[in-house]
Amino acid sequence: MYLVHARLRAPDHTPFPPDAAQLFLGCALDGEGLEHVSAHGDATGGPVVGFYLTAPSLAIAEQAASAVCHRALLAHPSLAEVHVVSFSAALAPPHRNALRGSGGRDMQMQDPSTANLFHPF
């Protein structure tokens, strides 16, 4: 799953609709992979909409988020004055175990030859 942020610009004193997440979600088409939308009208620098998508690649997720976003801006009068500033994927920080070279395991390997299954090798 990918999280793609759309940073938007609305004219000064134009309130971002409280139901914006639902407006964007309602503009998704079958096959675009949109799972969830979060909208933050009070974000620093202007509204931010997060699109959570399942897609085979980041590029396809970004294309789908862009299509849904632009479709919503055209379809809803309450978003008519809003413009896209940028799209960007949100990257997760590396998992703590990835830094230790554990191969992605959350727990140490256990020694099955002992009576204590929680005793590490």
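Out of all Cα-Cα pairs in segment 6-90, roughly what percent, to the nearest whole number, are more than 17 Å apart? Counting pairs separated by more than 17 Å, the tail of P(r) holds 39 percent. Protection proxy ranking of 42-54, 10-22, 69-81, by the mean of other Cβ atoms within 10 Å over each peptide's residues and highest first, is 42-54, 69-81, 10-22. Spacing of the modelled spin labels on HIS40 and MET1, each 7 Å from Cα toward Cβ, amounts to 1.7 nm.
None of the figures in this text is laboratory data; all of them are computed from the coordinates on show. Everything numeric here is computed off the predicted structure, so don't read it as measured data. Please note: Cβ atoms are built from the backbone with ideal geometry, for glycine as well, and neighbour counts cover all protein chains shown.
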